[in-house]
Amino acid sequence: MKPRVEIRYCSLCRWLLRSAWLAQEILSTFADEVGEVALIPGDKGQFQIYVDGTLIWCRVADDGFPEAKEVKQRLRDHIAPERDLGHSDRP
């Protein structure tokens, strides 16, 4: 079974577009490795990304919003560590 990615975002803060953009980036890059990306509205300023229940990004703990490159690297490290991300792996 392919991994499930959840992007939990604050709907009161209007972070849906940011979440949808990251979902698109994930699905474009990991089309064969990811089963689904769920956008889950919440509140209280939350912005977190989970893979099969494991937190890989938290806006509070990671001090802000991620760049697509950071999300792709963390997701790759979790689901396909041997995968080369090309330009997203360059510093």
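Name every cysteine in the chain that ends up alone, with no second cysteine's Cβ under 4.7 Å, or say none.
58
Using Cα-Cα distances under 8 Å and only pairs 6 or more residues apart, what relative contact order does the chain have, in percent?
30 percent
How big is the chain on each of its three principal axes, counting only the C-alpha atoms and giving the largest first in Å?
Its Cα atoms span 37, 31, 21 Å along the three principal axes.
Calculated from DSSP H runs of 4 or more alone, at -39500 (n - 2.57) each and per residue, what is the 222 nm mean residue ellipticity of the chain, nearest 500?
-9000 deg cm²/dmol
Could you name the lysines whose alpha carbon sits less than 29 Å from that of residue 2, not counting residues in the same chain fewer than 8 places away?
Answer for residue 2, where 29 Å is the Cα cut-off: 69, 72, listed by chain and number.
Starting from the 7 Å offset along Cα-to-Cβ, what nm value, one decimal, do you get for the label separation of residue 31 and residue 65?
Result: 2.6 nm between the two label points.
Readers should treat all values here as calculations from the given coordinates under stated rules, not as data from a laboratory. Fair warning: this is a prediction, and the values are worked out from it, not measured in the lab. Heads up, the Cβs are rebuilt from the backbone with ideal geometry, glycines too, and the neighbour counts pull from every protein chain shown.
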